[in-house]
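The values are calculated or read from the model by the stated rules, or taken from the named source; none is laboratory data. What you see is a predicted model; the values in this text were computed from it and never measured. No Cβ is skipped: glycine too gets one built from the backbone with ideal geometry, and neighbour counts run over all protein chains shown. With ligands, DNA and RNA removed, areas are computed over all heavy atoms of the protein, side chains included. Shrake-Rupley method; radii C 1.70, N 1.55, O 1.52, S 1.80 Å.
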Amino acid sequence: MTAQAATRISGDGLRHDWDVAEVEALYAMPFMDLMFQAHTVHRAHFDANRVQISRLLSIKTGGCPEDCSYCPQSAHHATGLEKEKLLAVEEVVAAAAKAKEEGASRFCMGAAWRGPKGDDFQVALAMIEGVKALGMQTCASFGLLSREQARQLKEAGLDYYNHNLDTSPEHYEEIISTRKFQDRLDTLGHVQDAGLHVCSGGIVGMGEKQNDRAKMLIALANLPKHPDSVPINLLIPIPGTPLAEMERPDPFDFVRTIAVARVMMPHSYVRLSAGREGMSEEMQALCFFAGANSVFCGEKLLTARNASPGQDKSLFARLGLQPE
Ligand code: SAM
Ligand code: DTB
Ligand code: SF4
C-alpha cells in the first residue's frame, strides 16, 4: 500500500474520507468495470450466494405530521391512506412469529411518527421485548430520537435502528421541509452512541442528480462508523404525493448506486429495499451481483406492495441464493 493510501484508512480499516470527485469517478466507470470491482469487494467480505431476509410491519400507519414528498403516510398528501391507531403488542408479536416461520431473521417495525412520544413509546418498547423473545433480530424505524430514547430502545432489546438520510444534504430541502438533514445526523449519533446497530440508506428516483446520489453515499460512508445496514430504495411513486409523476430512473443507474455503495462500505449489508415489485428479475440479479445482500420479503412493505413471496422463492432458487 502506498503511504498516501495508508493515511486514508482509519482505525476500523475502512475509509471515511470519500470526496465527490472520486465517487463520481466510480459512477463514471464503464458498467462492466464497476460491476467487476463491486463484486470483487463483495466476495472479499461476504458469501456472495447468501441473502439476509428482513420483514417489515407498520405498527402505526398514516397521519404523519412530517411532509416527506415521497411518503404515502404523510398527513400533508391526499393519498387515500386510512390513518390507523397503534397496533396492540400481541398483534405485532404474532406477526413477527409468522414472519419467522416464513424465513425472516429480522423483524422491522415502522411507525408514521416524526418521533416516538408518551405512552405510544412505552407500547413500542414492549413490542420490541416481545419480538426479541422470539429469538428474532429486532429493528425499529420510529423517526427522530433523543439520546435517552435511543438508550431505552437498546435496553428493551433492540438490535437495529433504521433512520435513512434519504438523499444528499442539498437535495433534502426540496424533499422535506419539516426537518433538517442535520436532525437525521443527530439521531444517527444517538443511535450509534447507545450501542445500537445503524441501518441507514436512501432513495433513488426522486429527481436527484447523480451528484446527489454520490453525496448521499458520502454522507453515509463518512459517518464515524459505516452503517451496518444500508437500504437502497427505488422510489415507489405514490398517487397523491408530490413525487407521483416522477420519471423512473435508468435501471443501470440504480444498479450503479448499489455497486458504488458496496465499494464504499465493504463490510455493510446493502439492502435492495423498496421498489423490487416493479423490477425485473434480471435487474434484481444484477443488484445482487453488484453487492446487494439483503431484501425485505413479504406481500407488503409498510403500506406499499412488495415483490410476491412466491416470486422471491422462485428467484432465489433459480439464482442459487441461500436466504438467511
Ligand atoms: N417515520 C419514520 C422515518 O421517516 O424515519 C419511519 C418510517 S419511513 C416510512 C421509513 C423510510 O421509508 C423513509 O426514510 C424512506 O426511505 C422510505 N420510504 C417511504 N416512502 C417511500 C416510497 N414511496 N418509496 C421508497 N421508499 C420510501
Ligand atoms: C427502508 O429503507 N425502507 C423501508 C424501511 N426502511 C422502513 C420502508 C419502505 C417503505 C415503502 C413505502 C411503503 O410501504 O409505505
Ligand atoms: Fe412520516 Fe417517515 Fe413518512 Fe416522513 S417518511 S412522512 S417521517 S412516516
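Observations, loosely collected:
- The chain shape via C-alpha gyration tensor axes, a/c threshold 1.5: rounded
- In the context of the full set of protein chains, residues of the range 239-308 present 38 Å² of accessible surface per residue (probe radius 1.4 Å, heavy atoms only).
- The residues of the range 43-187 present an accessible area of 45 Å² per residue when probed at 1.4 Å with all protein chains retained.
- Cβ screening of the chain for cysteine pairs under 4.7 Å finds these without a partner: C64, C199, C287, C297.
- Each Cα pair under 8 Å and six or more residues apart adds its separation to the average, and for the range 237-324 the resulting relative contact order is 23 percent.
- Summing charges over neighbours of Q311, with a neighbour being any other residue whose Cβ is under 15 Å away from its Cβ, gives -1 when K and R count +1 and D and E count -1.
- Evaluated over the range 210-285, the Cα radius of gyration and Dmax, each in Å: 13.3, 38
- Share of carbon and sulfur in the accessible heavy-atom surface of the range 217-324 [1.4 Å probe, %]: 57
- The chain: relative contact order in percent, alpha carbon pairs under 8 Å with at least 6 residues between: 23
- Counting charges near H190 (Lys, Arg +1; Asp, Glu -1) among other residues having Cβ under 13 Å from its Cβ returns a value of 0.
- List D17, D228, ordered by accessible area with a 1.4 Å probe, largest first: D17, D228
- Using a Förster distance of 22 Å, the FRET efficiency for S10-A44 (Cβ separation, nearest 0.05): 0.75
- Looking at the range 102-165, the GluC sites (Glu not before Pro) that sit in a DSSP loop and have at most 16 other Cβ atoms within 10 Å of their own Cβ are E102.
- Apportionment of accessible area to carbon and sulfur, the range 100-152, percent (1.4 Å): 48
- Ordering V51, G110, H163 by Cα displacement along the dipole of the range 35-180 toward the positive end leaves V51 in first place; charges were set at the Cβ atoms of Lys, Arg (+1) and Asp, Glu (-1).
- Share antiparallel - DSSP beta bridges, the chain, percent rounded to 5: 5
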